[in-house]
Amino acid sequence: MALEPGESVLDMGCGAGSIAIPLAQAGHPVIAADFSPAMLGTLDAGIEYYGLEGRITPLELAWDDDWDLVGPVAKAVDVAFASRSVTTTNLKGALAKLDRTARRRCAVTMVANSSPRYDLHLMNAIGASVTCSNGFVYAFNILIQMGALPQVTYFESPRRDTFDNLEAGVADFSRMLEHGNEDKVDRLRDYIAQHMIENPHAGEPGSKGVPQGRYMLDHIRKVRWAFITWEPVSAPSS
């Protein structure tokens, strides 16, 4: 996001603060907004734990709320962003809300292939159909229509799914078999049986703090993301 020292930020869809907390620790005043009271409760605990009172301002806010009533005021922060959290049927409205809130820079991170719910490698191997997301393309085009000059870069985040035995793995990965793929369970079981390997980090906390299972697949699941940035085009309120 090319943040300058001390710049203020809006973290829209902040969740439990995985980005807001390190930004605040680095000296940035943060408005951390999320629609979930439970997430904000976890964020509050993190603020207290790290001693960041006064540096992070939690805000219960959804994309579809009227930001003129409950959101940050126009041009309230230097940089406004939403990382993997643009969940709304009104994409244009969401991008416009970020634009109106930022003085210098905006950014969104959106999935650029299949949903993070899916293991694309596994799905292709068992002949299951997968719908890829083109939301980032729509976002880019909307920003062009708004008069912005968006820039896009791509990156991949690795994920490891672990499980304690074959049937546990089948039960976990079966969540991916939807939208006409429900009949692929036997293929899924055969694939996992052939590709499950010992997890050398079994029992250690995973990315979400839960102990890892005994087994994992012999490939790393990768999710591709589009990181879109632009300079705000909306004028300051008079």
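The values are calculated or read from the model by the stated rules, or taken from the named source; none is laboratory data. Fair warning: this is a prediction, and the values are worked out from it, not measured in the lab. Note that each Cβ is placed from the backbone with ideal geometry, even for glycine, and that neighbours are counted across all protein chains shown. What goes into the accessible areas is simple: the full protein's heavy atoms, side chains included, and nothing from ligands, DNA or RNA. Shrake-Rupley method; radii C 1.70, N 1.55, O 1.52, S 1.80 Å.
Can you tell me the orientation of helix 37-50 relative to the chain, as the angle in degrees between its alpha-carbon axis and the longest Cα principal axis, to the nearest 10?
80
Would you mind working out the magnitude of the charge dipole of segment 1-114 relative to its Cα centre, with +1 at each Lys and Arg C-beta and -1 at each Asp and Glu C-beta, to the nearest 20 Debye? Please list the in-between numbers first.
Details: 9 positive and 14 negative charges, 94 e Å.
About 460 debye.
Carbon and sulfur: what percent of segment 140-185's accessible surface (1.4 Å probe)?
Working: 1460 of 2750 Å².
In segment 140-185, the share of accessible area belonging to carbon and sulfur is 53 percent.
Pairing the Cα long axis of helix 91-101 with the longest principal axis of the chain, what angle in degrees results, from 0 to 90 and rounded to the nearest 10?
With both axes taken from Cα atoms, the answer is about 40 degrees.
Determine the shape class of segment 152-231: with a ≥ b ≥ c the square roots of the Cα gyration tensor eigenvalues, call it rounded for a/c under 1.5, and otherwise prolate if a/b is greater than b/c, oblate otherwise.
Details: a/c = 2.49, a/b = 1.38, b/c = 1.81.
Oblate shape, in that a/c is at least 1.5 and b/c is the bigger or equal ratio.
Which entry in (i) 37, 22, 15; (ii) 29, 22, 16; (iii) 24, 20, 19 matches semi-axes √(5λ) of the Cα gyration tensor in Å derived from the coordinates of this structure?
For semi-axes √(5λ) of the Cα gyration tensor in Å, the calculated option is (i).
So if I place +1 on the C-beta of Lys and Arg and -1 on the C-beta of Asp and Glu, and nothing else carries charge, what would the dipole magnitude of the chain be about its Cα centre? I want it in debye, nearest 20.
Details: 21 positive and 29 negative charges, 130 e Å.
Magnitude of the dipole: close to 620 debye.
Taking amide hydrogens as modeled 1.01 Å from N in the peptide plane, which residues meet the under 5 Å criterion relative to MET196, leaving out close sequence neighbours?
none
Given +1 on the Cβ of Lys and Arg, -1 on the Cβ of Asp and Glu, and no further charges, what dipole in debye does segment 122-238 carry about its Cα centre, rounded to the nearest 20?
Values: 11 positive and 14 negative charges, 57 e Å.
Rounded to the nearest 20 debye, it is 280 debye.
Quick check: Cα centre of segment 78-103 to Cα centre of segment 132-181, how many Å?
So the two Cα centres are separated by 19 Å.
Helix 135-146 versus the longest principal axis of the chain: what angle, 0 to 90°, nearest 10, using Cα atoms?
Approximately 20 degrees, to the nearest 10.
Mind listing which trypsin sites (Lys or Arg not before Pro) in segment 93-190 are in a DSSP loop and have 12 or fewer other Cβ atoms within 10 Å?
Numbers: sites: LYS97, ARG100, ARG103, ARG104, ARG105, ARG117, ARG159, ARG160, ARG175, LYS184, ARG187, ARG189; in loops: ARG117, ARG160.
Sparse-neighbourhood loop trypsin sites (Lys or Arg not before Pro): ARG117.
Rounded, prolate or oblate: pick one for segment 1-55, where a ≥ b ≥ c are the square roots of the eigenvalues of its C-alpha gyration tensor, a/c under 1.5 means rounded, and failing that, prolate if a/b is larger than b/c, else oblate.
Values: a/c = 2.42, a/b = 1.42, b/c = 1.71.
Oblate, because a/c is 1.5 or more while a/b does not exceed b/c.
Looking at the chain only, what percent of DSSP beta bridges run antiparallel? Nearest 5 please.
On the way: 22 of 41 bridges.
Around 55 percent antiparallel, to the nearest 5.
First compute the accessible area of segment 1-129 with a 1.4 Å probe, then give the percent of it belonging to carbon and sulfur atoms. Display every interim value, and only then the final one.
Details: 3070 of 5710 Å².
Carbon-and-sulfur percentage of accessible area, whole number: 54.
For the chain, build the charge dipole from Cβ charges (+1 Lys, Arg; -1 Asp, Glu) around the Cα centre, then report which of THR87, LEU52, GLN151 sits farthest towards its positive end.
GLN151
With the other protein chains left in place, how much accessible area per residue, in square angstrom, belongs to the chain at a 1.4 angstrom probe? All intermediate terms of the calculation are to be shown ahead of the outcome.
Values: 12410 Å² over 238 residues.
Ligands and nucleic acids excluded, the result is 52 Å² per residue.
Suppose R0 equals 35 Å. What FRET efficiency, 1/(1 + (r/R0)^6) with r the Cβ-Cβ distance, do ALA2 and VAL70 give to the nearest 0.05?
Working: r = 29 Å, r/R0 = 0.83.
Computed FRET efficiency for ALA2 and VAL70 comes out at 0.75.
Exactly which GluC sites (Glu not before Pro) in segment 141-238 are in a DSSP loop and have at most 14 other Cβ atoms within 10 Å? Intermediate values should be presented prior to the final figure.
Values: sites: GLU156, GLU167, GLU178, GLU182, GLU198; in loops: GLU178.
Listed in order of number, the matching sites are GLU178.
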